[in-house]
Amino acid sequence: NQAVGVAIDRGLNFLRASERGVGHLNEPNARHNFLGVLAFLGKARCPGQVGTAIGYEGLDPADQAMVERMVQTMINQETSMRNAGALPYVYVSGGNLAALSQYRLTGGPNDVGAPVTVDQAIANGAIALANNQGDQAPNNVGGWNYGAPTPSGDLSTSHFAGWGLSAAGRVVEDADAPLPNLVNFLMVGQNADGGSGYRPGNGSGSSMTAVALRLYRLAGIPAGDPRAQASLGWLRQNYAYDGMVGGAFNPTSTYYYFWAVHKALALSGNDGLGGAVYAENYADRVPADLGYPQVQPSYYFDFAYTLLQW
C-alpha cells in the first residue's frame, strides 16, 4: 500500500505540473480534463483501498481551486455541457458527466464561473447523449458513436456514454433512463464465445469484453445473469494481468483494459444467483511470493503490481 500511495502521489504531481494554473492538461480543448479531475477526486484515503475516495471535500485548497478551474474549462470547451441540443463529442461528454457528477456529489461548488452551473451542465450533457443514442437495427439499437449515431454502434464510445449517464443519474433525476436500452446493443455485439469487440461482428478482445461487462452491470443486469456470466467467463478464460487479447487493439489498449476490467469486476462480486464466475475468481498472483505477505490475493493486486513494475 505504501508503494501504491507513492506512485499515486507522483501521478498527481505530474497532473498538477501539466495543469500549471491554466485549467487544462497540456491541451487547450480540455478533452482529457475529466480524467484529471477524477484522479484527484478518486484518491483513496488509505492507499490501495478501493471505495474510500477523498472527493472534493478531502482536497487541500490549492487542489480544490485547480479542480474548479478544470471543471470550468470542461464546461466551456464541450458544447453539449452548455447546450442540450448540441451534438456531443461522446467520449468527452460521457467522461465529463462522470467527473462533474462525482465533483458535485463530493461537495464541489455548483458555480465555477462557467456560462452555466455544474448541475445544468450535467443535465445538458445527459440530454445531448440521450438524443444521440442509436436506434438503427440490427447493429445499433441502444449504442453510441463519436457524434451522431450510425447503423453500427461503437462499444468504446458507448462505454463512455453509459458510464457518464449512470453517474449523472445520481445528480439529475432520470439522467440514466437510456441505460436499459443499451442492453440491446450489448447483446447484438456479444460473440458466441462470450466476448465482445469494438463493433458488432468484430472479434472478441479484453478491453471491449470488460467494457461490455461493466455496461451490463451499470444497466442493471445482475452479475449472475447469463449475459454477464458470458462476459465474465470469456475474461476469466483469457485473463492476463500484464497484457491483453485484442487483435488490432493489442497492445494499444492494454491500459484501457486494466481500467475497464477493474471497474467491471468491482461491480461483479458473487450475487448468489448461481453464476459460475465472479470477481472473486480473479486473483492469480501470490502476493507473499512477491514480497507482500500481508496482502490478500485479488485482481486489484494483480494489476497494481504490474503497474508498479512498469
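The values are calculated or read from the model by the stated rules, or taken from the named source; none is laboratory data. This structure is a prediction, so every number in the text was calculated from the model and none was measured. Positions of Cβ are generated from backbone atoms using ideal geometry, with glycine treated the same way; all protein chains shown enter the neighbour counts. Ligands, DNA and RNA are excluded from the accessible area calculation, which covers all protein heavy atoms including side chains. Shrake-Rupley method; radii C 1.70, N 1.55, O 1.52, S 1.80 Å.
Within the stretch 143-179, can you find the residues that are in a helix (DSSP H, G or I) and either touching a strand residue (DSSP E or B) at 6+ places or on another chain (Cβ under 7 Å) or of a type in the set (Phe, Trp, Tyr) (or both)? Let's see the steps before the verdict.
Our first condition is that a residue be in a helix (DSSP H, G or I); within the stretch 143-179, this holds for 155-168, 179.
Result: LEU155, PHE160, TRP163.
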### Query
Has the stretch 58-72 got at least one residue that is modelled with pLDDT of 95 or more, in a loop (DSSP other than H, G, I, E, B), aliphatic (A, V, I, L, M) and more than 30 Å from GLY5 (Cα to Cα)?
no
### Among residues of the stretch 1-59, those that are closer than 23 Å to LEU97 by Cα, open to solvent by 60 Å² or more (accessible area, probe 1.4 Å) and not small (Gly, Ala, Ser), counted
11
### Query
Of the residues that make up the stretch 72-83, is at least one within 20 Å of the chain's Cα centre (by Cα), among the small types (Gly, Ala, Ser) and surrounded by 24 or more Cβ atoms within 10 Å (Cβ to Cβ)?
yes
### Query
In the stretch 238-255, what count of residues is obtained for those that are touching a residue at least 12 places away in the same chain (Cβ under 8 Å) and open to solvent by 50 Å² or more (accessible area, probe 1.4 Å)?
6
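Which members of the stretch 1-56 meet the condition of being hydroxyl-bearing (Ser, Thr, Tyr) and either over 18 Å from MET70 (Cβ atoms) or not in a helix (DSSP H, G or I) (or both)? Break it down stepwise before answering.
From the stretch 1-56, those hydroxyl-bearing (Ser, Thr, Tyr) are 18, 52, 56; that's our starting set.
Correct list: THR52 only.
When you go through ALA240, ALA276, ALA223, ALA283 one by one, which is the residue that is among the aliphatic types (A, V, I, L, M), within 19 Å of the chain's Cα centre (by Cα), in a loop (DSSP other than H, G, I, E, B) and more than 28 Å from THR150 (Cα to Cα)? Before the answer, list the steps.
Numbers: ALA240 fails: within 19 Å of the chain's Cα centre (by Cα); ALA276 fails: within 19 Å of the chain's Cα centre (by Cα); ALA283 fails: within 19 Å of the chain's Cα centre (by Cα).
Result: ALA223 is the single residue among ALA240, ALA276, ALA223, ALA283 that is among the aliphatic types (A, V, I, L, M), within 19 Å of the chain's Cα centre (by Cα), in a loop (DSSP other than H, G, I, E, B) and more than 28 Å from THR150 (Cα to Cα).
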### Query
outside any loop (DSSP other than H, G, I, E, B) and either among the small types (Gly, Ala, Ser) or modelled with pLDDT under 95 (or both) - does that describe any residue in the stretch 103-118?
no
### Query
Cβ-Cβ below 9 Å, separation at least six or inter-chain, first residue in the stretch 166-184 and under 21 Å from LYS263 (Cα atoms), second open to solvent by less than 40 Å² (accessible area, probe 1.4 Å) and among the aromatic types (Phe, Trp, Tyr): which pairs?
LEU182/TRP144; LEU182/TYR216; VAL183/TYR216
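From LEU105, LEU129, LEU87, which residue is among the hydrophobic types (A, V, I, L, M, F, W, C) and surrounded by 16 or more Cβ atoms within 10 Å (Cβ to Cβ)?
Working: LEU105 fails: surrounded by 16 or more Cβ atoms within 10 Å (Cβ to Cβ); LEU87 fails: surrounded by 16 or more Cβ atoms within 10 Å (Cβ to Cβ).
Only one candidate passes the filter, namely LEU129.
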## Note on the structure
Over the stretch 195-213, the set of residues in contact (Cβ under 8 Å) with a residue 40 or more places away in the chain and buried (at least 24 other Cβ atoms within 10 Å of the Cβ) is GLY195, SER196, GLY205, SER206, SER207, MET208, ALA210, VAL211, ALA212, LEU213
